[in-house]
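Asker: First the structure, which I've put down as structure tokens, then a few questions once you've had a look.
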Amino acid sequence: MNAPSGQRRPAGIAQVDQLYAFDAIIDTRSPAEFALDHVPGAINCPALDNEQRAEIGTLYKQVSPFVARRRGAALVAINIGRHLLERFQDKGPDWRPLIYCWRGGKRSGAFVTIFRQVGWDAHQLEGGYKAYRREVLARLAALPAAFDFRVVSGPTGSAKSRVLERLAARGEQVLDLEALAAHKGSVLGRQPGVDQPPQKLFESRLLHALSALDPARPVFAEAESRRIGLVTVPDALIERLRAAPCIRIDVPATARTEFLLRDYDYMTQDAESLIERLERLTELRGRDTVAAWSALARSGQWAELVASLLGQHYDPLYRRSQSNNFSRHTDAPTVAAERLDDAGIDSLAGQIAAASGQFSTGSTSERTAQMR
């Protein structure tokens, strides 16, 4: 993405591969556009807010492009002035921001012009968000091949996410897809008070996480479905995970039940909300089964409900999905714990790190090339 030899780019123009060479990244699109996706770490300083952008669009179509530009220029100038006063008065002369909008056009261009007049070495992202988005898709298609994944599997309630956290605390590399997706990965996996990111924002966060990993070292990840709540894991990554070595967690059902009662304790505070989610399983498990689960929830028999859900729904689903989707699951080494308290989870993390050593990492030259 560099300029041809001998050709100099105009001052103040940057490329996607230079994103993190600046002191700040400023997204000048509307808050609605920013919410759908943005460069990780970017701050939103709208040239036009949501209502103003809609107003200018209407003027452009219904009155004339000139009237729209005249009105838009006034609003953009007011907004840039406000951002300068409210957000950037503490910036010194050496501050270097990167600024982008949708296509790298008028909105970011106006910011760059004024910021450079102030004296800051402001740069505009060539191609804007659209160029960034193309780069995200291209890299997500290629980058997963760079890594030597280790897939941690185990039936629902095996504390896989907590084990990944402990592996990370031990200095191991971890890709926590459920954390990136803000979802626990099942019909009951939505977290209270937390919205899942839109698909594009999930992909931006995923690329940012992958880009921070070292291809010369193993990366631990959970055995996930293609969909995590409302978002979808990109094809190249899910295929790489499904072909990777697996390490299975084996924990008694009673320990898994106890862990789930702790980990999903918020669900016991709202039985009707839980029942609403359980009703989504009617077609799969039958009306009578879901009615029995609902009765257990209403009567507060939480341990009995969790044990029944594991035995009648989650464990059969796990056995089918792991064997069908992960080619190296059947012969995977097993690690075990009797309880899923802190000591048990620590023990599982240690066993998994040790078991990982039996898998050859192979040559890293091809994987490293994928990072470029």
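The values are calculated or read from the model by the stated rules, or taken from the named source; none is laboratory data. Everything quoted here is computed from the prediction, not taken from an experiment. All Cβ positions, even for glycine, are placed from backbone atoms using ideal geometry, and neighbour counts span all protein chains on display. SASA here: full protein model, heavy atoms, side chains in, ligands and nucleic acids out. Shrake-Rupley method; radii C 1.70, N 1.55, O 1.52, S 1.80 Å.
Asker: Sort 213, 206, 317 by heavy-atom solvent-accessible area, probe 1.4 angstrom, most to least.
Answerer: Details: 213 20, 206 0, 317 70 Å².
Of 213, 206, 317, the descending order of accessible area is 317, 213, 206.
Asker: Further, regarding this structure: By how many nm would the segment from residue 130 to residue 266 grow when fully extended, if each residue of separation counts as 0.36 nm and the alpha-carbon distance is taken off? Don't skip to the end; give the middle numbers.
Answerer: Numbers: separation 136, 0.36 × 136 = 48.96 nm, distance 4.00 nm.
So the chain would gain 45.0 nm between residue 130 and residue 266.
Asker: Treating only the Cβ atoms of Lys and Arg (+1) and Asp and Glu (-1) as charged, compute the dipole magnitude of region 154-198 about its Cα centre; round to the nearest 20 debye. Intermediate values should be presented prior to the final figure.
Answerer: Numbers: 6 positive and 5 negative charges, 35 e Å.
With Lys and Arg at +1 and Asp and Glu at -1, about 160 debye.
Asker: Run the numbers for residue 195 and residue 277: contour at 0.36 nm per residue of separation, minus the present Cα-Cα distance, in nm. If you can, show how the numbers build up before the last one.
Answerer: Details: separation 82, 0.36 × 82 = 29.52 nm, distance 1.62 nm.
In short, 27.9 nm is gained.
Asker: Let's see if you can work this out: charge +1 on each Lys and Arg Cβ, -1 on each Asp and Glu Cβ, no other charges. What is the dipole magnitude of region 190-295 about its Cα centre, in debye to the nearest 20?
Answerer: Working: 15 positive and 17 negative charges, 72 e Å.
It works out to roughly 340 debye.
Asker: While we're looking at this one, here's another question. Stretched out fully, how many nm does the piece from residue 187 to residue 216 gain, at 0.36 nm a residue minus the Cα gap?
Answerer: Gain in length upon complete extension: 6.9 nm.
Asker: Pairs of Cα atoms under 8 Å, at least six residues apart: use those to get the relative contact order of the chain, whole percent. Write down the numbers at each step before the final one.
Answerer: Values: 558 pairs, mean separation 64.9, N = 372.
Relative contact order here is 17 percent.
Asker: Express the relative contact order of region 1-126 as a whole percentage, based on alpha carbon pairs under 8 Å and six or more residues apart in sequence. Please report the intermediate quantities before stating the final value.
Answerer: Details: 170 pairs, mean separation 39.5, N = 126.
Taking the mean separation of contacting Cα pairs over the length of region 1-126, I get 31 percent.
Asker: Once the dipole of the chain is set up with Lys and Arg at +1 and Asp and Glu at -1 on Cβ about the Cα centre, which of 180, 120, 232 lies farthest towards its positive end?
Answerer: Most positive-ward Cα: 120.
Asker: Sticking with this one: Sticking with the crude label model, points 7 Å out along Cα→Cβ, report the distance from residue 66 to residue 342 in nm, one decimal please.
Answerer: 7.3
Asker: Which peptide among 333-343, 168-178 comes first, and what is the full order, when sorted by highest mean count of other Cβ atoms within 10 Å? Walk me through the numbers on the way to the answer.
Answerer: Values: 333-343: 15.7, 168-178: 17.3.
Per-residue Cβ counts within 10 Å, averaged per peptide and sorted highest first, yield 168-178, 333-343.
Asker: Right, another one. Sorting 194, 163 by accessible area (1.4 Å probe), largest first, what list results? Provide the component values of the computation, followed by the final result.
Answerer: On the way: 194 55, 163 0 Å².
I get 194, 163, largest accessible area first.
Asker: Would you work out the charge dipole size for region 1-130 about its Cα centre, treating the Cβ of every Lys and Arg as +1 and the Cβ of every Asp and Glu as -1, and quote it to the nearest 20 debye?
Answerer: Working: 17 positive and 13 negative charges, 121 e Å.
With Lys and Arg at +1 and Asp and Glu at -1, about 580 debye.
Asker: Further question on the same structure: Cα gyration tensor of region 4-120, axes a ≥ b ≥ c as square roots of the eigenvalues: rounded (a/c below 1.5), prolate (a/b > b/c) or oblate?
Answerer: Values: a/c = 1.67, a/b = 1.47, b/c = 1.14.
Judged from the Cα gyration tensor, region 4-120 comes out prolate (a/c at least 1.5, a/b above b/c).
Asker: With the dipole of region 183-280 worked out from charges on the C-beta (+1 for Lys and Arg, -1 for Asp and Glu) around the Cα centre, which of 251, 216, 192 lies farthest toward the positive end?
Answerer: Value: 216.
Asker: Could you tell me the distance between the Cα centroids of region 147-194 and region 303-362, to the nearest Å?
Answerer: Answer, in whole Å: 12.
Asker: Counting Lys and Arg as +1 and Asp and Glu as -1, what is the net charge of the other residues whose Cβ lies under 10 Å from the Cβ of residue 340? It would help to have the intermediate numbers written out before the result.
Answerer: Details: positive: 162, 256, 262, 339; negative: 258, 263, 338, 341, 342.
So the surrounding residues net to -1.
Asker: Just to be sure I understand: of the beta bridges DSSP finds with both ends in the chain, what percent are antiparallel, rounded to 5? Mind showing how you got there, number by number?
Answerer: Details: 3 of 26 bridges.
Restricted to the chain, the bridges split so that about 10 percent are antiparallel.
Asker: While we're looking at this one, here's another question. What is the Cα centroid distance between region 204-281 and region 113-145, reported in whole angstrom?
Answerer: What the calculation gives is 31 Å, centre to centre.
Asker: Considering lysine pairs in the chain that are 8 or more places apart or on different chains, how many have Cα atoms under 22 Å apart? Walk me through the numbers on the way to the answer.
Answerer: On the way: 61/106; 106/130; 130/200; 160/184; 184/200.
The result is 5.
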